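The values are calculated or read from the model by the stated rules, or taken from the named source; none is laboratory data. The structure displayed is predicted, hence computed values, not measured ones. With ideal geometry, Cβ positions are generated from the backbone for all residues, glycine too; neighbour counts draw on all protein chains shown.
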Amino acid sequence: MAETNLQVLLRRRPVGAPVPEDFEIVETPVPTPGPGEVLVRARFLSLDPYMRGRMSEAKSYAQPVPLGGVMEGQTAGEVVASNAPGFAPGDTVLGGSGWQRFSCVTPARLFKIDPGEAPLSASLGVLGMPGLTAWVGLEDIGTPKAGETVVVSAASGAVGQVAGQIAKIRGCTVVGVAGGEKKCRFVTEELGFDACIDHRGDLRAGFDVHCPGGIDVYWENVGGDVQREVFPRMNDFGRMVMCGMIAEYNDTQVRPGPNLMAVVRKRLRIQGFIVSDNGWPRYPQFRREMVGWMKEGRMQWREDVVDGLRRAPEAFIGLLKGENFGKLVVRIG
Ligand SMILES: NC(=O)c1ccc[n+]([C@@H]2O[C@H](COP(=O)([O-])OP(=O)(O)OC[C@H]3O[C@@H](n4cnc5c(N)ncnc54)[C@H](OP(=O)(O)O)[C@@H]3O)[C@@H](O)[C@H]2O)c1
């Protein structure tokens, strides 16, 4: 029987938290690559919080997925056919597109990778967009210096685990924030953070104990109560790397914000960034440095692997509730 493409489409726009009925799974013919295009077969699909934004029509830095369109996402897999110079059938690549088994892509964002360097799924996490995000955000905005105190929220997640470990490599005291005892233990015992605060417990007491000298760099992944607790504890000339606010992605109303006068008084630097602004041209440099840390045993990572593209919607819904433990990827059969 001829192979088909399996695709997950956006059926309707969610209000609040997404539900399974917002998605539709269809089988379609395998596409044919046009001139200059590469046909990629996905082996792993990355599921990431930003996808919640693409399901919404609210104004953002990127266009929403159209209703009936394939959900946006990055995959790692292999080249099946190529009309583009530099890519040949059998090449292992990062940069396939969408919640689907096959996609036709142009080479602009397609990276040929060495399958011997690390397991393929790592190219969607520690060696992929989340790892690149952590690296770029710390290089450009956080600029952690030895001896400083760095706080990382969603510390066991895809971005947080890498951001905290890079800050450790830079000689900082690193305090994570994560949900539950199991995740907190992983953050300290396996990732090597100095401490981890459970955001389901007493946040205030946690910060009193673990950040007695205040916070120099805050890596913001969640917003909500964690951000409100961190903000007044920022030291003079602190840097807040505004990466994301996942705790607020399903909100239907904007929450009241912190008093930003402290930004002036303490000369804080708070900067938002999107990894796609200037991250991907630096991907080869990032990958070289990260592979080096991995080989030296200085970088650990944890993945949460879900089997089968049909399970992608439920896995993504769980991600927005903190049910994933580590970088969430879908293995595509
Ligand atoms: N700016 C950029 O270019 C860029 C690029 C990539 C990612 N991001 C952002 O970075 C953040 C982390 O992404 P990621 O890929 O590393 O995701 P992730 O951490 O792998 O998964 C999300 C984690 O966030 C936490 N979380 C979920 N809902 C929460 C809630 N309501 N309150 C508090 N914590 C909650 C959960 O951890 P706990 O159980 O520990 O709370 C969950 O495991 C997100 O905000 C994402 O949008 C930004």
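Just a few scattered comments:
- Residue count for the stretch 1-40, restricted to those that are within 18 Å of Glu57 (Cβ to Cβ) and either in a loop (DSSP other than H, G, I, E, B) or not assigned by TED's automatic domain parsing to the domain that holds Met55 (or both): 9
- Count of residues meeting criterion [touching a residue at least 24 places away in the same chain (Cβ under 8 Å) and in contact with a helix residue (DSSP H, G or I) (Cβ under 9 Å, 6 or more places away or on another chain)] in the stretch 277-295: 11
- Taking the numbered list (1) under 22 Å from the mean Cα position of the chain (by Cα); (2) away from the ligand (no atom under 15 Å from the Cβ); (3) over 30 Å from Pro115 (Cα atoms) in turn, Met290 passes all entries but (3).
- Contacts under 8 angstrom Cβ, first residue in the stretch 74-92 being within 23 Å of Val329 (Cβ to Cβ), partner crowded, with 18+ Cβ neighbours inside 10 Å and among the aromatic types (Phe, Trp, Tyr), 6 or more apart: Thr75/Phe44; Ala76/Phe44; Gly77/Phe44; Val79/Phe87; Val80/Phe102
Matching residues to (1) away from the ligand (no atom under 11 Å from the Cβ); (2) outside the structural domain of Val177 (by TED's automatic domain parsing); (3) modelled with pLDDT of 95 or more; (4) more than 22 Å from Asp216 (Cβ to Cβ):
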{"residue": "Val105", "(1), (2), (3), (4)": "yes, yes, yes, yes"}
{"residue": "Arg109", "(1), (2), (3), (4)": "yes, yes, no, yes"}
{"residue": "Lys112", "(1), (2), (3), (4)": "yes, yes, yes, yes"}
{"residue": "Ala118", "(1), (2), (3), (4)": "yes, yes, yes, yes"}
{"residue": "Gly137", "(1), (2), (3), (4)": "no, no, yes, no"}
{"residue": "Asp140", "(1), (2), (3), (4)": "yes, no, yes, no"}
{"residue": "Thr143", "(1), (2), (3), (4)": "yes, no, yes, no"}
{"residue": "Gly147", "(1), (2), (3), (4)": "yes, no, yes, no"}
{"residue": "Ser153", "(1), (2), (3), (4)": "no, no, yes, no"}
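- Criterion violated by Tyr249 - all others in (1) among the hydroxyl-bearing types (Ser, Thr, Tyr); (2) more than 22 Å from Gly16 (Cα to Cα); (3) crowded, with 17+ Cβ neighbours inside 10 Å satisfied: (2)
- Here Ala58 meets each of (1) part of a loop (DSSP other than H, G, I, E, B); (2) over 30 Å from Val159 (Cβ atoms); (3) free of Cβ contacts under 8 Å to residues at least 40 places away in the same chain with one exception, condition (2).
- In the set (1) more than 23 Å from Ala146 (Cβ to Cβ); (2) more than 15 Å from the ligand (Cβ to nearest atom), the condition left unmet by Asp225 is number (2).
- Any hit, the stretch 146-163, residues being of a type outside the set (Lys, Arg), part of a strand (DSSP E or B) and out of contact with any Ser or Thr (no Cβ under 8 Å at 6 or more places or on another chain): yes
To keep it simple, each residue is scored yes or no on (1) free of Cβ contacts under 8 Å to residues at least 40 places away in the same chain; (2) touching a strand residue (DSSP E or B) at 6+ places or on another chain (Cβ under 6 Å); (3) over 30 Å from Ala88 (Cα atoms); (4) surrounded by 14 or more Cβ atoms within 10 Å (Cβ to Cβ).
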| site | (1), (2), (3), (4) |
| --- | --- |
| Val15 | no, no, yes, no |
| Val30 | no, yes, no, yes |
| Gly34 | no, no, no, no |
| Glu37 | no, yes, no, yes |
| Phe44 | no, yes, no, yes |
| Leu47 | no, yes, no, yes |
| Tyr50 | no, no, yes, yes |
| Met71 | no, yes, no, yes |
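Residues are listed down the side, and each one gets a yes or a no for (1) at pLDDT below 95; (2) of a type in the set (S, T, N, Q); (3) closer than 26 Å to Thr133 by Cα:
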position	(1), (2), (3)
Pro20	no, no, no
Thr32	no, yes, no
Leu47	no, no, yes
Tyr50	no, no, yes
Gly53	no, no, yes
Lys59	yes, no, yes
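- For the stretch 45-91, residues that are over 19 Å from the mean Cα position of the chain (by Cα) and hydrophobic (A, V, I, L, M, F, W, C) total 9.
- Taken over the stretch 283-313, residues that are of a type outside the set (Val, Ile, Thr) and part of a helix (DSSP H, G or I) amount to 17.
- Figure legend. Inter-residue proximity from the stretch 229-250: first residues within 16 Å of the ligand (Cβ to nearest atom), second residues part of a helix (DSSP H, G or I) and among the aromatic types (Phe, Trp, Tyr), beta-carbon distance below 7 Å, spacing 6+ or different chains. Indicated pairs: Glu229/Phe207.
- Residue match in the stretch 63-82 (condition: within 15 Å of the ligand (Cβ to nearest atom), part of a loop (DSSP other than H, G, I, E, B) and among the charged types (D, E, K, R)): yes
- Only residues that are modelled with pLDDT of 95 or more and either within 21 Å of Gly77 (Cα to Cα) or part of a helix (DSSP H, G or I) (or both) were counted across the stretch 314-333, and they come to 13.
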